[in-house]
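Trainee: Take this structure, written in C-alpha cells, and hold onto it; I'll ask about it next.
We did not get these values from a lab; they are worked out from the coordinates using the rules stated. On a predicted model such as this, the values are computed, not experimentally measured, just so you know. Every residue, glycine among them, receives a Cβ derived from its backbone with ideal geometry; neighbour counts consider all protein chains shown.
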Amino acid sequence: MSNPLIQKLERRFDLSGADRACLEGLKAHLVPVRARSAIIRQGDAPDHVHLIHSGFACRYKALPDGSRLILSFLIPGDICDFNAHFLGSMDYSVRTLSDCEIIKIPLKELSDLTARSPTLDYGFRWISLIDESILREWLVLAKRRSAEKQVAHLFCEFLARLEAVGLTEGDRYGLPLTQADIGDATGLSTVHVNRMLQRLRVEKLVEFKNKHVTILNSKALRDFSEFDEHYLHLRPKLALT
C-alpha cells in the first residue's frame, strides 16, 4: 500500500526526496497487531512513538465502572503518542479496533529525524496539533449538538480524514467499527446509536454494508451535522520560513 503518513503530510507540506525516504525507512519498525489488542496502556512509560500504518485504533480512558470513553479514532497516518513521553507515563490507553500494522519508532530515531529535517519536525507537530483540534471539536459536539448530529458528524469526519490519506472511493470508505465503539465515542448507548443509524438510513443520507459506509448525500449530511472541516486543517499547503 502507499504510505499514508506521506500522503497526509503532503496535503500541507512540500516534502523533499530525502524526507520521503526517511518516512519510508520507518517501515523497518513495522509490526502487525491483531484487532482489539492493546498498543499502549494507561500508566505505561513510552520508549517508542507509535504510528498507525494500516487499520483503525482509538485512544480511550478506562472508567471505574469498567466502561470506557473513546477520546479519538486513529486511522492510517496518525501518530498515537507523539509527545506522550514528556509526561513520563501515559494517562490514556490506545487499542486497535481492527487488525493493524503499527510502526514503533524509537524515541532517539524520531528525535534524530526531526533534527535533520525542519519540514518533518513541523509536520509531526502539525499532526499533534490536529489531534488537539479534533478533541476540541468533539467537546463542542458533546456539549452543544444533538445525538443525531454527533453521529452524522462522525461519518463526515471519517470521510474527510480518510480521503486525505487515499482511503476513500468517492463518498465510500471502510469503517470496521461496532455500534458499541460509536457509543463509547459519543456517550450514547448502543440502543441509541442503533436508532441514530436507522434514522440516517431512512433519511437516505448514509448506507452501511459489509463494514463500509457510503455517504449518499454528502451536502445534506454536512448541512444536517453542521460539519465544517476547517478544524482538520487539511489545506492549503503551509509555506515554511
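Trainee: Place the peptides 162-172, 2-12 in order of packing, highest mean first, counting for every residue the other Cβ atoms within 10 Å and averaging per peptide.
Mentor: 2-12, 162-172
Trainee: Moving on. Between Ala18 and Phe86, what is the spin-label point distance in nm, taking each point 7 Å from the Cα along the Cα→C-beta axis?
Mentor: That separation, rounded to one decimal, is 2.6 nm.
Trainee: What is the distance in Å between the Cα centroid of segment 112-191 and that of segment 63-101?
Mentor: 13
Trainee: Right, next: Given a Förster distance of 51 Å, report the FRET efficiency between Leu139 and Ser2 from their Cβ-Cβ distance, rounded to the nearest 0.05.
Mentor: Calculated transfer efficiency: 0.95.
Trainee: Among 29-38, 183-192, 152-161, 128-137, how do they line up from the highest to the lowest mean number of other beta-carbon atoms within 10 Å?
Mentor: The peptides rank, most packed first, as 152-161, 183-192, 128-137, 29-38.
Trainee: Equivalent-ellipsoid semi-axes (√(5λ), Cα gyration tensor) for segment 66-126, whole Å, largest first?
Mentor: Taking √(5λ) for each Cα gyration eigenvalue gives 24, 14, 11 Å.
Trainee: What order, most packed first, do the peptides 84-91, 44-51, 107-114 have when packing is the mean number of other Cβ atoms within 10 Å of each residue?
Mentor: 44-51, 107-114, 84-91
Trainee: Taking Rg/Rh (Cα atoms, Kirkwood Rh) as the quantity of interest, determine which of (1) 0.96; (2) 0.94; (3) 1.12 was computed from the displayed structure.
Mentor: Among (1) 0.96; (2) 0.94; (3) 1.12, the one calculated here is (1).
Trainee: Can you give the extra length, in nm with one decimal, that the chain gains between Tyr122 and Glu10 once fully stretched, where that is 0.36 nm per residue apart less the Cα-Cα distance?
Mentor: Length gained between Tyr122 and Glu10: 39.1 nm.
Trainee: Treating only the Cβ of Lys, Arg, Asp and Glu as charged (+1, +1, -1, -1), what charge dipole size does the chain show about its Cα centre? Round to the nearest 20 debye.
Mentor: 520
Trainee: Grab the Cα-Cα distance for Leu63 and Arg34, subtract it from 0.36 nm times how many residues apart they are, and report the gain in nm with one decimal.
Mentor: 8.1 nm
Trainee: Can you list the residues, at least 5 places off or on another chain, whose amide H is less than 5 Å from the amide H of Tyr92, using H built in the peptide plane?
Mentor: Hits under the 5 Å cutoff: Gly43.
Trainee: Moving to a separate point now. Report the Stokes-Einstein translational diffusion coefficient (µm² s⁻¹, integer) for segment 142-228, Rh taken as the Kirkwood radius over Cα pairs, at 25 °C with viscosity 0.890 mPa s.
Mentor: 190
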